[in-house]
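Q: What follows is a single structure, and I will ask about it in a moment.
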Amino acid sequence: MKDLIRVDELSIGFGLKNWVIPAVEGVSFSVKPGETLGIVGESGSGKSLSARAILGLVPPGGLITSGSISYQPESGDAVDITSLPKNGRAIRKLRGAEIAMIFQEPMASLSPVHTIGNQIVTTLRQHADLSAAAALSRAIELLDQVGMASPAIIAGQYAHQLSGGMRQRAMIAMALSCSPRLLVCDEPTTALDATTEAQVVELLMKLQQDFNMGMIFISHNIGLVSEIADRVMVMYLGQSIESGATEHVLKSPAHPYTRALLNALPAFAEAGAELATLQGAVPDLTARPTGCSFHPRCAEFAGPQCETERPAIQVVTNQHLARCHLHE
Amino acid sequence: MSNALSHESAALKAYAEASGWRLGWAKFRRHKLAVVSLYIVGLLYLLAIFAEFFSPYDYSDINRRHVLAPPQAVYVVDASGQFTWPHVRALKGQRDPVTRRLNYIEDPENTFPVRLFAPSKPYKMWGFIPLETRFIGVSTPNRQASIFLLGTDSLGRDVLSRIFHGARISLSIGLVGVALSFVIGIILGGMSGYFGGWVDTIVQRTIDLLQSLPTIPLWMGLAAAVPPGQDPLVTYFMITVILSIIGWTGIARVVRGRFLALREEDFVLAARFSGASEMRIILRHMVPSFASHIIASLTLSIPEMILAETALSFLGLGLQPPAVSWGVLLKDAQSLQVISQAPWLLVPGLAVVITVLAFNFLGDGLRDASDPYGKV
Amino acid sequence: MNEPLLTLTNVEKHFPQSNGFLKPAAAPVRAVNGISFSIAEGETTALVGESGCGKSTAAKLITSAITPSAGKITLRTRDGNILDVGSLRGRARKALWRDVQLIFQDPFSSLNPRMTVKQIIAEPLRNFDIAHGQEATDLVADLMDRVGLQPGTMSRYPHAFSGGQRQRIGIARALAVKPRLVVGDEPVSALDVSVAAQILNLFQSLKKDLGLTYLLITHDLSVVRHSADRVAVMYLGNIVEENTTAALFKSPRHPYTQALLSAVPSQDNQDKPRIVLTGEVASARNIPTGCPFHPRCAYATDVCRLTAPTFEQLPTGGRVACHTPLEFMP
């Protein structure tokens, strides 16, 4: 099957006077229809930034310095998203209609002055030729699909009248309104409670199967990603340091960072036992260590090259890649 | 571990040990317009404090030979086109045969060099330091010698000297008025924010009431209560009180807002858990956090005071001649006739504009710097 | 069995709501609705629940930041006296804060940005008259060393520290009075995974070294499973289940606990299906009649809709507030 989206050696930097701070460095990944890619990382890992670049949503000050993002439409040739003018017609046509995104904080992306129904209707009519009445009935149908108990009533309500979980459902309904082929979820459940999170995750998995969407699921929560993703990519300081099938990466992690991250999780540790920790904190992007970015915190030193040489991506086993000198 | 510490650069250490004030100052300095304004405000106050020294004449010196004389230019090129020491040309009065108006023309033959630290008639700085030198002047002991850089008024008094002297009242009224408003505002606003409840309600409704009153009629009413023919000092003080009665409301709102916001901060609760008394929480934990905000909003309310004084005096409700303030000076430029004949009498207005703008830019810069922990 | 350090008996906290001038008062928010539990000395007790369940209100009640509407909170002080926490007002609360300290959730807002680390940690030393001058400086250095900070950095301001380091500063401040009970209000939820693990380890080692008692308020069950000895699960202002951590995770008896546990990814329930609850948590202004959980409960019967269950001791250990508790699985 052809890749729906293919990101190749993507680098994004933030300009500060006359020197550019790299926030994402040489990241490559791809997603096929019906497949879920989980991107995991701590704050500052560049996981959100790489995903937003797919929608042409690099924040102001940010710049794609190299690499390509090619999107394969249903018919025709692949489009390189990095070459599309920012906020031009072409990218706006893709965004929403073919590639949709849901965010961590639904309040930030829902309008406070329009009803939920109204917002879905507007999105629908922007991308498809529908009458107002038809659009509204489609909106109610969508709200029903995302599991709203009384969709017709919800359609007439404002975002602030809904609870956190309902807002996230409304957000999902809006994202699905034009039946996108790729759904990017940026920490969609981080602001939600455990039981609500369970509801939203189940909904996302069901919808993905129903529509055969490709999905990119970004989270800092490895446990959650392990449940939902087919493949996982672990990011650290703007680099992809490990990627592979979920069961491979979680059961036999190849990179010391992934190992440490899994051991640091209280959920995976023995009760009362000391948690394996990483020394120190994630360094600032402006103070990126030399050599392997992870070496000052690494417990499994491969040799002096860790301090001086940036490791290249190594194949560990079939389709399981790690950026570490240990695997050379 | 201690090794790692010594490896850190001195710059990082300085940043790590920089107090809020230092960080704020660093942020302020990036605000170019505010820094320039700070210099301008400093210069204005310097001129006001040493007004006697900086003005070429006494503000009440009447010069009958030069009534409504236009500003004299300073020349660096003499009549023959040679560069010379800066000089002014003598003014010759000529009466227009038709309108009987006195016009002045400059005589290029009769020049006087401008001198810095020029000797002058003896005068007293601040009323008690006898001096015989002024910052600028013309030296020749000649009756025709004059230096009216901004012209003269209808009694032949030097406008520049009067602006410098007027600055003394106009600029200090801002400071004194703001200081007074500050005292009232911080007490009432602090009480309002800290105690809440009915105290808050009463203070807030009072503020609403004061802010809803139309300003000019209120001033007029209050100014009417100031008995006329008083010592100018008493009038000056009364005007300040009148301005503060209205001016404290803004500061009280700011103080209350900061109190309410800080009361909810975790670090205030943490201070309470650390056993700090209420007094210590307010003085040690809360006040330092909003002192910079208060300074910024005080700076922003100084120009309001200056404008209010100017307006009051302009309307004849404030200070009266012989006291000089910018408002009093502008009162001379009330009629269209005066403006058409002697537009230089409007220059005190320019002084007001420069001062108000400088204070506003300065206040903006301070406001940005008052939260040094926010994003750059 | 240790004598309890802190005991809560039928504690309630209702926040009256006013809609403004001349409007009828709205129903009060019943944040905490009669909870009873005790904390044994030397143990880590966890209070878990989702947002709005009243667990943070409970933390505020225990630290006397607010006073209860009804019920009794008692603390056994270090000299053996029984302190009635709920009746403390004003300066009298200082006696409580000598024994009970709080670790805040947000490491950024809980430190005064305008004070140096030394001033922050020395604040309780000064206010409780524990140490002054050089002695205080030495104690600050000791405390910083204990929580894993370099004493050489004590003259720095909080802005120079990362989130995890700031949380350590907050812990050092709380430890300065040598408290016996440390209440952690979501102490690691604002931190990155790798940093959170460091802080959880620090809690464990401090407990061992100083004999501390913890009350851990959290929504994160994996943290509870790792760090707590006992757990109380809250739902809409009530404790629905209480047991030792091992027993509760092995055999939850309340349907809500069961659903909550199934939402936590862990190695032992990777293959178990998630139990997805229907509906939403009700508002604390309008708590359902009968059992507050019945509208979302898969096992609800008529009796659940009508009468609220009592909080009963179970023969197999632990307590549960349910008419038909789930089967015990040894």
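The values are calculated or read from the model by the stated rules, or taken from the named source; none is laboratory data. Keep in mind the model is a prediction, meaning the values are calculated, not measured. FYI the Cβ positions are ideal-geometry reconstructions off the backbone, even for glycines, and counts take in every protein chain you see. These accessible areas exclude ligands, DNA and RNA; they are computed on the full protein's heavy atoms, side chains included. Shrake-Rupley method; radii C 1.70, N 1.55, O 1.52, S 1.80 Å.
Q: When the accessible area of the range B:55-156 is split by element with a 1.4 Å probe, what percent falls to carbon and sulfur? Walk me through the numbers on the way to the answer.
A: On the way: 3560 of 6230 Å².
The computed percentage sits at 57.
Q: Determine, at each q value in 0.07 (inverse angstroms), the log₁₀ of I(q)/I(0) that the Debye formula gives when each Cα of the protein assembly as shown is one equal point scatterer.
A: The calculated log intensity ratios at q = 0.07 Å⁻¹ are -0.82.
Q: Let me ask something additional. Taking all pairs of different Cα atoms in the range C:123-260, averaging 1/r and flipping that mean, what Kirkwood radius in angstroms comes out?
A: Details: mean 1/r = 0.0598 Å⁻¹.
Taking every pair of different Cα atoms in the range C:123-260, averaging 1/r and inverting gives 16.7 Å.
Q: Could you point to the residue in C:VAL188, C:THR289, C:SER227 farthest towards the positive end of chain C's charge dipole, with +1 and -1 charges on the Cβ of Lys/Arg and Asp/Glu respectively?
A: C:THR289
Q: Using only the Cα atoms of chain B, build the gyration tensor, take square roots of its eigenvalues as a ≥ b ≥ c, and label the shape rounded, prolate or oblate: rounded if a/c is under 1.5, else prolate if a/b is larger than b/c, else oblate. Before the final figure, lay out the partial values.
A: On the way: a/c = 3.06, a/b = 1.69, b/c = 1.81.
Cα axes put chain B in the oblate bin.
Q: Now for a separate question. Calculate the FRET efficiency for B:ILE354 and B:GLU264 from the Cβ-Cβ distance with a Förster distance of 35 Å, rounded to the nearest 0.05. Each step should come with its number before you reach the end.
A: Working: r = 41 Å, r/R0 = 1.18.
Rounded to the nearest 0.05, the efficiency is 0.25.
Q: C:GLY290's amide H: which non-local residues (gap 5+, or another chain) put their own amide H closer than 5 Å, with H modeled 1.01 Å from N in plane and none for Pro or chain starts?
A: Amide H neighbours of C:GLY290, under 5 Å, 5+ apart: C:ALA308.
Q: Also, I was wondering about something else. Can you tell me which of B:211-219, A:51-59, A:77-85 comes out highest on packing, and rank the rest after it, using the mean Cβ neighbours within 10 Å?
A: Working: B:211-219: 12.2, A:51-59: 19.1, A:77-85: 15.0.
Highest-to-lowest ranking by the protection proxy: A:51-59, A:77-85, B:211-219.
Q: Next question, about the same structure. What number comes out for the charge environment of A:VAL40, summing +1 per Lys or Arg and -1 per Asp or Glu over other residues with Cβ under 14 Å away? Write down the numbers at each step before the final one.
A: Numbers: positive: A:LYS47, A:ARG231, A:ARG259; negative: A:GLU42, A:ASP186, A:GLU187, A:GLU227, A:ASP230, A:GLU242, C:ASP192.
Summing Lys/Arg as +1 and Asp/Glu as -1 gives -4.
Q: Separate question: Just to be sure I understand the interface: list residues from the range A:246-274 that lose 30 Å² or more of accessible area between the chain on its own and the complete protein assembly, 1.4 Å probe.
A: Listed by number, the residues meeting the 30 Å² cut-off are A:ALA264, A:PRO266, A:ALA267, A:PHE268, A:ALA271, A:GLY272.
Q: Towards the positive end of the charge dipole of the range C:41-102, with charges on Cβ (+1 Lys, Arg; -1 Asp, Glu), say which of C:SER56, C:SER69, C:GLY42 has the farthest Cα.
A: Looking along the dipole axis, the top candidate is C:SER69.
Q: Under a straight-distance cross-link criterion of Cα-Cα below 19 Å, which aspartates and glutamates are reachable from A:LYS93, leaving out those fewer than 8 residues away in the same chain?
A: Once the sequence-local aspartates and glutamates are set aside, what remains near A:LYS93 is A:GLU74, A:ASP77, A:ASP80, A:ASP129.
Q: Can you give the accessible area per residue of chain B, in Å², using a 1.4 Å probe? Could the numbers behind the result be given before it?
A: Numbers: 19100 Å² over 376 residues.
Accessible area per residue: 51 Å².
Q: What distance in nm lies between label points placed 7 Å from Cα along the C-beta direction at B:LEU43 and B:SER154?
A: 3.3 nm
Q: For B:SER301, what is the net charge nearby, where nearby means another residue's Cβ is under 14 Å from its Cβ and Lys, Arg count +1, Asp, Glu -1?
A: Values: positive: B:ARG253, B:ARG367; negative: B:GLU304, B:GLU309, B:ASP364.
In short, -1.
Q: OK, next. About the Cα centre of the range B:253-376, how large is the charge dipole given +1 on each Lys and Arg Cβ and -1 on each Asp and Glu Cβ? Please answer in debye to the nearest 20.
A: Values: 10 positive and 10 negative charges, 63 e Å.
So the dipole magnitude of the range B:253-376 works out to roughly 300 debye.
Q: Given springs between every Cα pair under 10 Å in a Gaussian network model of chain B, which of B:ALA69, B:ALA342, B:ALA79 has the largest fluctuation?
A: Evaluated over chain B, the most mobile residue of the options is B:ALA79.
Q: Taking only C-alpha pairs under 8 Å that are 6+ residues apart, what is the relative contact order of chain B in percent? Walk me through the numbers before you get to the answer.
A: Working: 551 pairs, mean separation 79.0, N = 376.
Relative contact order here is 21 percent.
Q: Still on this structure, please answer the following. List the residues of the range A:187-235 whose accessible area drops by at least 40 Å² when all protein chains are present, compared with their chain alone, using a 1.4 Å probe and counting only protein heavy atoms.
A: A:ASP193, A:ALA194, A:THR195, A:ALA198, A:GLN199, A:GLU227
Q: Just want to confirm a number: the relative contact order over the range A:251-327, from Cα pairs under 8 angstrom separated by 6+ residues, in percent.
A: Numbers: 84 pairs, mean separation 18.7, N = 77.
It comes to 24 percent, rounded to a whole number.
Q: Amide H to amide H under 5 Å from C:GLY184: which residues, 5+ apart in sequence or cross-chain, H placed 1.01 Å off N in plane?
A: Excluding prolines and chain starts, which carry no amide H, the hits are C:ILE103, C:LEU215, C:LEU216, C:ILE217.
Q: I need the calculated FRET efficiency for the pair B:LEU213 and A:GLU105, taking r as the beta carbon distance and R₀ as 60 Å, to the nearest 0.05.
A: Approximately 0.85, to the nearest 0.05.
Q: Quick one: among C:ALA174, C:ALA228, C:ALA26, which has the greatest mean-square fluctuation in a GNM of chain C with alpha-carbon springs under 10 angstrom?
A: Per the Cα network of chain C with a 10 Å cutoff, C:ALA26 tops the list.
Q: Here's a follow-up. Could you run the Debye sum over the Cα atoms of the range B:55-156, one equal point scatterer each and no solvent, and tell me log10 of I(q)/I(0) at q = 0.12 Å⁻¹, two decimals?
A: The Cα Debye sum returns log10 ratios of -0.44.
Q: Suppose every K and R has +1 on its Cβ and every D and E has -1 on its Cβ; what is the size of the dipole of the range A:251-327 about the Cα centre, in Debye to the nearest 20? If you can, show how the numbers build up before the last one.
A: Details: 6 positive and 6 negative charges, 48 e Å.
About 240 debye.
Q: Could you state the number of Å between the C-alpha centres of the range A:19-72 and the range B:231-247?
A: After rounding, the separation between the Cα centres reads 64 Å.
Q: Another question about this same structure. Give the accessible surface of the range A:108-177 per residue, rounded to a whole number of Å², with probe radius 1.4 Å and ligands, DNA and RNA excluded. All intermediate terms of the calculation are to be shown ahead of the outcome.
A: On the way: 3110 Å² over 70 residues.
That works out to 44 Å² for each residue.
Q: Only Cα pairs under 8 Å and at least 6 apart count here; give the relative contact order of chain A as a rounded whole percent.
A: Numbers: 624 pairs, mean separation 65.4, N = 328.
Relative contact order for chain A comes out at 20 percent.
Q: Something else: For C:LYS55, give me every one of the lysines with a C-alpha distance below 16 angstrom, ignoring sequence neighbours fewer than eight places off in its own chain.
A: C:LYS13
Q: Give me the summed buried accessible area for the A-C pair, 1.4 Å probe, to the nearest 100 Å².
A: Numbers: alone 15230 and 16310 Å², together 28650 Å².
That pair of chains buries around 2900 Å² in total.
Q: Can you work out the FRET efficiency for the pair A:VAL315 and A:ARG259, with r the C-beta to C-beta distance and R0 = 22 Å, to the nearest 0.05? Don't jump to the answer; show the numbers that get you there.
A: Details: r = 18 Å, r/R0 = 0.82.
For R0 = 22 Å, the calculated efficiency reads 0.75.
Q: Which whole-number value in Å² is the accessible area per residue of the range C:215-330, probe 1.4 Å?
A: On the way: 5170 Å² over 116 residues.
Per-residue value: 45 Å².
Q: Related question: Residue by residue, what Karplus-based ³J(HN,Hα) values in Hz, rounded to whole numbers, does the range B:56-62 have, using 6.51, -1.76 and 1.60 with θ = phi - 60° and x for Gly and Pro?
A: x, 9, 6, 5, 9, 5, 9
Q: Which whole number gives the average, over all residues in C:120-126, of C-beta atoms from other chains lying within 10 Å of the residue C-beta?
A: The per-residue average across the peptide is 4.
Q: May I ask for the accessible area buried between chains B and C, both sides summed, probe 1.4 Å, to the nearest 100 Å²? Write down the numbers at each step before the final one.
A: Values: alone 20570 and 16310 Å², together 33970 Å².
Rounded to the nearest hundred, the buried surface is 2900 Å².
Q: How would you classify the range A:251-327 from its alpha-carbon gyration tensor, with a ≥ b ≥ c the square roots of the eigenvalues: rounded for a/c under 1.5, else prolate if a/b is greater than b/c, otherwise oblate?
A: On the way: a/c = 2.27, a/b = 1.28, b/c = 1.77.
Since a/c reaches 1.5 but b/c is at least a/b, the shape of the range A:251-327 is classed as oblate.
Q: Can you give the translational diffusion coefficient of chain C in µm²/s, computed by Stokes-Einstein from the Kirkwood radius over Cα pairs at 20 °C and 1.002 mPa s?
A: Answer from the Stokes-Einstein relation: 101 µm²/s.
Q: Would you compute the Debye intensity of the range A:108-177 from its alpha-carbon atoms alone, equal scatterers and no solvent, and pass along log10 I(q)/I(0) at q = 0.11, 0.19, 0.28 Å⁻¹ to two decimals?
A: These q points yield log10 I(q)/I(0) values of -0.20, -0.62, -1.38.
Q: Normalised by the empirical 2.2 N^0.38 Å for globular proteins, what value does the Cα Rg of chain A take? Provide the component values of the computation, followed by the final result.
A: Values: Rg = 20.6 Å, N = 328, 2.2 N^0.38 = 19.9 Å.
Ratio of Cα Rg to 2.2 N^0.38 Å: 1.04.
Q: Further question on the same structure: Run the accessible area of the range C:51-173 with a 1.4 Å probe and give the carbon-and-sulfur part as a rounded percent. Numbers along the way, then the final one.
A: On the way: 2150 of 4580 Å².
Heavy-atom surface of the range C:51-173 belonging to carbon and sulfur, 1.4 Å probe: 47 percent.
Q: Most fluctuating residue of B:PHE237, B:PHE53, B:PHE259 in a GNM of chain B with Cα springs under 10 Å: which is it?
A: Looking only at B:PHE237, B:PHE53, B:PHE259, the biggest GNM fluctuation is shown by B:PHE237.
Q: Heavy atoms of the protein only, probe of 1.4 Å, neighbouring chains included. What is the accessible area of B:ILE339 in Å², nearest 10?
A: Taking all protein chains as shown, B:ILE339 has close to 50 Å².
Q: Note the angle between two axes, namely the Cα long axis of helix A:132-145 and the longest principal axis of the Cα atoms of chain A, as a number of degrees from 0 to 90, rounded to the nearest 10.
A: Once rounded, one gets 50 degrees.
Q: Cross-link list C:LYS118/C:LYS178; A:LYS47/A:LYS86; C:LYS60/C:LYS178; A:LYS2/A:LYS86: which exceed 22 angstrom alpha carbon to alpha carbon?
A: Working: C:LYS118/C:LYS178 17 Å; A:LYS47/A:LYS86 20 Å; C:LYS60/C:LYS178 20 Å; A:LYS2/A:LYS86 26 Å.
Over 22 Å apart, Cα to Cα: A:LYS2/A:LYS86.
Q: If I compute solvent accessible area with a 1.4 Å probe over the protein chains, what percent of it on the range A:108-177 is carbon and sulfur? If you can, show how the numbers build up before the last one.
A: On the way: 1720 of 3110 Å².
After summing per-atom areas, the C and S share lands at 55 percent.
Q: While we're on this one: HN-Hα J couplings of the range C:214-225 from phi, Karplus 6.51/-1.76/1.60, θ = phi - 60°, integer Hz, Gly and Pro as x?
A: 10, 10, 9, 9, 7, 9, 9, 5, 5, 5, 4, 4
Q: To the nearest 10 square angstrom, how much accessible area does A:MET107 have with a 1.4 angstrom probe?
A: Accessible area of A:MET107: about 70 Å².
Q: On alpha carbon coordinates alone, what is the Rg over Rh value for the range C:1-120, Rh being the Kirkwood radius?
A: 1.02
Q: What is the dipole size for the range B:55-156, taken about its Cα centre, with +1 at each Lys and Arg Cβ and -1 at each Asp and Glu Cβ, in debye to the nearest 20? Before the final figure, lay out the partial values.
A: Working: 12 positive and 9 negative charges, 59 e Å.
Dipole about the Cα centre, nearest 20: 280 debye.
Q: Could you tell me which of B:ALA270, B:VAL338, B:GLY318 has its Cα farthest along the dipole of chain B towards the positive end, charges placed at Cβ (Lys, Arg +1; Asp, Glu -1), taken about the Cα centre?
A: The listed residue farthest towards the positive side: B:VAL338.
Q: What ³J(HN,Hα) values, in whole Hz, does the Karplus curve 6.51 cos²θ - 1.76 cosθ + 1.60 give for the range A:32-42 when θ = phi - 60°, with x put for Gly and Pro?
A: Each residue's phi maps through the Karplus curve to give 9, x, x, 10, 10, 9, x, 10, 10, x, 8 Hz.
Q: So, one more: Give me the accessible area of B:TRP21, 1.4 Å probe, in Å² rounded to the nearest 10.
A: It works out to around 140 Å².
Q: I want the local charge near C:ALA172. Using Cβ-Cβ distances under 13 Å, sum +1 for each Lys or Arg and -1 for each Asp or Glu among the other residues.
A: Details: positive: C:LYS118, C:ARG146, C:ARG166, C:ARG168, C:ARG173, C:LYS178; negative: C:GLU123, C:ASP142, C:ASP145.
Once all neighbours under 13 Å are counted, the net charge is +3.
Q: Pop out a list of residues from the range A:150-178 that are at least 10 Å² less accessible with all the protein chains around than in their chain alone; 1.4 Å probe, no ligands or nucleic acids counted.
A: A:SER163, A:MET166
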